[in-house]
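We did not get these values from a lab; they are worked out from the coordinates using the rules stated. A quick note: this is a predicted structure, and the numbers were derived from the prediction, not measured. We place every Cβ from the backbone using ideal geometry, glycine too, and count neighbours over all the protein chains shown.
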Amino acid sequence: MGKYTLVVTEKPDAAQRIASALDSRGKAKKMEDNGVPYYIANRDRKIVVVPALGHLYTVAGERSGRNYYPVFNFRWVPRYVAERGAKQIRTWIETISKLAKDADLFVDACDYDIEGSIIGYCVLKYACGNKENVSKRMKYSTLTKGELEKSYAELLPRLDFALIEAGRARHEVDWLYGVNLSRALTMSARDWSGKYATLSTGRVQGPTLKFLVAREKAIRCFVPIPFWSIKAEIEIAGSIFEAEYEKTTIETKKEADAAIKACKGKNGKIEKIDIKKFRQMPPKPFDLGALQSEAYSLFGYTPMRTSNIAQRLYLAALISYPRTSSQKLPQSINYKTILKNLSKVSQYKKLAAELLVKEQLKPNEGKKEDPAHPAIYPTGNLPEGELDDSERKLWDLVVRRFMSVFGEPALRQSVKVSINVAGHRFHLRGRQTLEEGWLRFYGPYVRSEEVLLPPIKEGQAVRVKKVILEDKFVKPPPRYNPASLLKMMEKAEIGTKATRAGIIQTLYDRKYIRDERMIVTDLGFEVLEVLEKYCPAVVSVKLTKELEEKMNKIQLNSEKRENILVDAVEILKPVVEKLKEKEKVIGEQLSKAIKRARIEERIIGACPICKTGKLMILYSRKTGKRFIGCTNYFKNLCKTSFPLPQKGTVRPTGKMCRRCDWPMVLVRIRGRRPWNLCFNPDCPLKEERRERRKDE
Amino acid sequence: MKCSVCDRESVQEGFCELHKKAYENVLKKYDLWKKALEISWKEYLSEVAKNPLTGEWAREVAEYLRKSGDN
């Protein structure tokens, strides 16, 4: 093939985009070697673009095997050496090595962030044979043809070694924490019970679990406090409005009753009308955290899901690089060109036109910055193929947010009407948008209520139709959900934008938490208790944050990776020693918790027959078949049992049947939609269904 | 010694670490309930035990105290 430039990308999709953008005819040739795709582009010279498959190399212990700890000596190895099921990585690396032999110029075109820099560095160093010091770097934030061509024309002379060092430190420290602590927990439990269950914790996972446990304890220990509130239904111009009592919280029943008694049957008089006009500024451009949070509250997408959808939109060159913490939109992205392109979509045509006539476009930027990437914005490219529903929704959200940040502030008005009823004051509130401004661009995603009041004046008498006393209780603190936990992690500055969503997922996978509104399981409690008791340093938010800050300093060249590693080992050594010393006690505590967790997973609810036992999923010793039985069976008190489907998985839902109020189970069978099953054979719903079928 | 409510080891007042915190909360909140509703300790425990907003551990403690007639 002759000599050529070898461009390394992070993923196959990016390789295809980059190759097409760099080929002078826009048609790169796709090649394949042992199932590994690569592309040949012709420009001023031949360019071979080869993708990695995310991380091809990882940190592993110098000694093989998984059944020992502590372990402080490590090296970087191909993933297939360290991980089972990563066989494909071997052929991938072989292909890259083969292609590297005839290359005389190397370009790292992986994403410009910590992970991308590490991926590119490892490929160039290990697969290409120490080419990391001669390689050049492409830096771009979108996969659009224009930006890729510009980035290739203005190659950075070398890799960003500060970013690489920061990435290496992060991977190595996280590996040291993860492998030592997780092995200590897993092996303690396994050696005590003889049964294997993966338990894990990590540098960020431990402190995150600590947040959850603290909230769970507050909820489980919560005692509600009673209070009362009063509302009055006021008739004005033939319409009924609800006015709130001046004291939103009345602490004693006596006081509440006295107020009700005084107001009952009396009419009111408008004492005062306060009108306030205020400007509501446009929102800030999206960074990843804000996008995840907005997508959760609007569409219910978990942070992980949003991150994956955003990554797909980025690879399709529809939005800019999503793993950013920036709230800035530099002028260089060319606002007008993006808006002009977006105006080709009918639903954005009018809105984009409104912005395009503006003399100056100035985004309402936030304070947060990211050295590598701007905030998330639409590239202006339009979808080439059909987007799926979630991709379409997220793209629309990014587009509308982008337009909103250039909008004018909205002008809103709030009205507070004070009504005197027998010496007691009630407030009637109205809210109205006077000038839409940016709200028009954000359209369906605006969450502001309009309450319009009829014309009224001070001194006007009004009829009080009803005075209502409401019994209320102070509510417990809310449970974390994936979005609010992610926000909390961001606020506490633990983890990175790229890792937080994955850490939350791991907490679910390890069964430390369950449900969308997160409930900490017994196992989660026990794991944290062990860590807090024997190694509080590894769940300390403060220490984690400090380590995080030090690692960030590497990126700025003001700290060395080696120092961080020494710090990490110094923290870990005494911790692991203590864990080893207490292995038996810890093993017993965790094994019992695992056993309880396994039972808890199978408990469906209270037995509706004997009322004292619990129904659980059991397995017949004779046939191995599963069924539902009562725990009182073992005490010879209740013989209740119900059959269950034998295919797929069955798990408790925690929900009750809406007709018979029996607990239900969720059945999942491959290829079918999961369904909630009420196993009560006499459930009226079943009878009704049978009747309906007969009629049909 | 075991916790009066669960299987864990008791640390103080016959409760484990977790139920002790709930117990303290149940005790602490009585003053507010008394002021709000002018109710007795027993009535308070019944109200707390049946309130759906009460936390699991606080409910268990309230039920235990109610049944054991602790005043």
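In region A:251-358, a dipole from Cβ-located charges (positive for Lys and Arg, negative for Asp and Glu) runs towards its positive end, and of A:L329, A:V345, A:A256 it is A:V345 whose Cα lies farthest in that direction.
The simple spin-label model puts a point 7 Å past each Cα toward its Cβ; for A:L361 and A:S229 those points are separated by 4.3 nm. Look at where the Cα atoms of region A:623-684 and of region A:30-101 average out, and the two centres are 47 Å apart.
Based on the alpha-carbon gyration tensor of the protein assembly as shown and its eigenvalue square roots a ≥ b ≥ c, which shape applies: rounded if a/c is under 1.5, prolate if not and a/b is larger than b/c, or oblate? Intermediate results must be reported in sequence, preceding the final value.
On the way: a/c = 1.91, a/b = 1.24, b/c = 1.54.
Note, shape of the protein assembly as shown comes out oblate.
With one equal scatterer per alpha carbon and no solvent term, the Debye-computed log10 I(q)/I(0) for region A:1-151 at 0.12, 0.21 1/Å reads -0.49, -1.33. Taking Cα centre as origin and charging only the Cβ of basic (Lys, Arg, +1) and acidic (Asp, Glu, -1) residues, the dipole magnitude of region A:611-680 rounds to 240 debye. Using only alpha-carbon positions in region A:67-140, the gyration tensor eigenvalues give semi-axes of 25, 16, 12 Å once each is multiplied by 5 and square-rooted (largest first).
Neighbours of A:R479, meaning other residues whose beta-carbon lies under 15 angstrom from its beta-carbon, give a summed charge of +3 when Lys and Arg score +1 and Asp and Glu score -1.
Taking the Cα centre of region A:4-159 as origin, work out the dipole magnitude from +1 charges on Lys and Arg Cβ and -1 charges on Asp and Glu Cβ, in debye rounded to 20. Write down the numbers at each step before the final one.
On the way: 26 positive and 19 negative charges, 55 e Å.
Roughly 260 debye, rounded to the nearest 20.
Distance between the pseudo-spin-label points of B:S46 and A:K276 (7 Å out from Cα toward the beta carbon): 4.6 nm. Proximity of backbone amide H atoms, modeled 1.01 Å from N, is registered between A:I236 and A:F241 at under 5 Å, excluding neighbours fewer than 5 places apart on the same chain.
Rounded to the nearest 5, the antiparallel percentage of DSSP beta bridges internal to the protein assembly as shown is 90%.
When a/c is below 1.5 the answer is rounded, else prolate if a/b is larger than b/c, else oblate, so apply that to region B:18-68 with a ≥ b ≥ c taken from the square roots of the Cα gyration tensor eigenvalues. Numbers along the way, then the final one.
Values: a/c = 1.61, a/b = 1.45, b/c = 1.11.
The shape class here is prolate.
3J(HN,Hα) along region A:538-550, derived from phi through the Karplus expression 6.51 cos²θ - 1.76 cosθ + 1.60 where θ = phi - 60°, amounts to 7, 10, 6, 5, 5, 5, 4, 5, 4, 5, 4, 4, 5 Hz, with x in place of Gly and Pro.
How large is the dipole of region A:288-404 about the Cα centre if only Lys and Arg carry +1 and Asp and Glu carry -1, each at its Cβ, rounded to the nearest 20 debye?
Dipole of region A:288-404, to the nearest 20 debye: 300 debye.
For region A:224-280 and region B:29-59, what is the separation of their C-alpha centers, rounded to whole Å? Between the Cα centre of region A:224-280 and that of region B:29-59, the gap is 27 Å. Taken one residue at a time, the phi angles of region A:35-50 give Karplus couplings (6.51, -1.76, 1.60, θ = phi - 60°) of x, 9, x, 8, 10, 10, 10, 10, 10, 6, 8, 6, 10, 10, 10, 10 Hz. Gly and Pro are set to x.
Once a ≥ b ≥ c are taken as the square roots of the eigenvalues of the Cα gyration tensor of region A:383-521, is the result rounded (a/c under 1.5), prolate (a/b larger than b/c) or oblate (a/b not larger than b/c)?
Details: a/c = 3.09, a/b = 1.52, b/c = 2.04.
Here region A:383-521 falls in the oblate category.
Applying the Karplus relation 6.51 cos²θ - 1.76 cosθ + 1.60 with θ = phi - 60° to region A:473-480 yields 3J(HN,Hα) values of 9, 5, 8, x, x, x, 6, 5 Hz, where x marks Gly and Pro. Annotation: aspartates and glutamates with alpha-carbon distance below 16 angstrom to A:K98 (same-chain offsets under eight excluded): A:E32, A:D33. Other residues with beta-carbon under 9 Å from the beta-carbon of A:V451 carry, at +1 per Lys or Arg and -1 per Asp or Glu, a net charge of 0.
What net charge do the residues around A:Y152 carry, taking every other residue with its C-beta under 15 Å from that of A:Y152, with Lys and Arg at +1 and Asp and Glu at -1? Numbers along the way, then the final one.
Values: positive: A:R17, A:R43, A:R45, A:K46, A:K136, A:R137, A:K139, A:K145, A:K150; negative: A:D23, A:D44, A:D108, A:E147, A:E149, A:E154.
Every neighbour counted, the sum reads +3.
Neighbour counting of Cβ atoms within 10 Å sorts the residues A:I270, A:I519, A:I319, fewest neighbours leading, into A:I519, A:I270, A:I319.
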